[in-house]
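Structure below; questions to follow.
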Amino acid sequence: MQNTDCTFICEQFTEYHENSLSSEIRAQVDTHLASCPACTEIFHKLAEVIDTLHNLPTLKASTDFTSTLLSRIETLKQETVWQKIYQSSYTRVAGYAIAAGLIVAIGINIMIDPISPMKSGLQSNFAGEQVNPNQSDESLVEVSDSSANQPADSLTLQNPTINSQSQSMQLVSGKK
């Protein structure tokens, strides 16, 4: 199709083929088809398709076609909601959406709190703080059970200061 005239002419095909156009519009279509080979070809191909469809053999349904179809429809009506959901394509889409959401959440978590590379000679504890392995583990907090040395069971704090990379915390005993 070359322009809006071609579009209008091609829209008239069905009525033209069925001879139901007014004489005025039919004359306009005939004039256009005489001067436009593209529209003439389209009309010719569409007419061939319609003729082929009209010449198809008539299909005869089996005698029990209607009862089989109605039985199948009744079976589909009896499916549970869960069966319909499971067979639905929406289930797969929802699964993909949940998976994508988890991936995005993990990505955001990594961006917000990335795992930082450790400096050489340092180890990481469970809180994410880096600890110097040369320093004894007892330097953070030493708590010992002194019940073997004293008659009463009590705990004593050996070093009341906890040190991390940027902070230091002083522990205070509840005794006066």
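Can you find, among ALA97, LEU21, THR58, the residue sitting farthest towards the positive end of the charge dipole of segment 1-106, where Lys and Arg contribute +1 and Asp and Glu -1 at Cβ?
About the Cα centre, the residue reaching furthest to the positive side is ALA97.
Please give the length that would be gained between THR40 and SER168 if that part of the chain were fully extended, namely 0.36 nm times their separation in residues minus their C-alpha to C-alpha distance (nm, one decimal).
Values: separation 128, 0.36 × 128 = 46.08 nm, distance 9.08 nm.
Taking THR40 through SER168 to full extension adds about 37.0 nm, to one decimal.
Let me ask another. If we count every other residue with Cβ under 12 angstrom of CYS36's Cβ, Lys/Arg +1 and Asp/Glu -1, where does the sum land?
Numbers: positive: none; negative: ASP5, ASP30, GLU41.
The answer is -3.
Whole-Hz Karplus ³J(HN,Hα) for segment 37-43, in order, using 6.51 cos²θ - 1.76 cosθ + 1.60 and θ = phi - 60°, x for Gly and Pro?
x, 5, 5, 4, 5, 4, 4
No value in this document is a laboratory result; all are computed from the given coordinates. All values derive from a computational prediction rather than experimental measurement. A quick note on method: Cβ atoms are made from the backbone with ideal geometry, for glycine too, and the neighbour counts reach across all protein chains shown.
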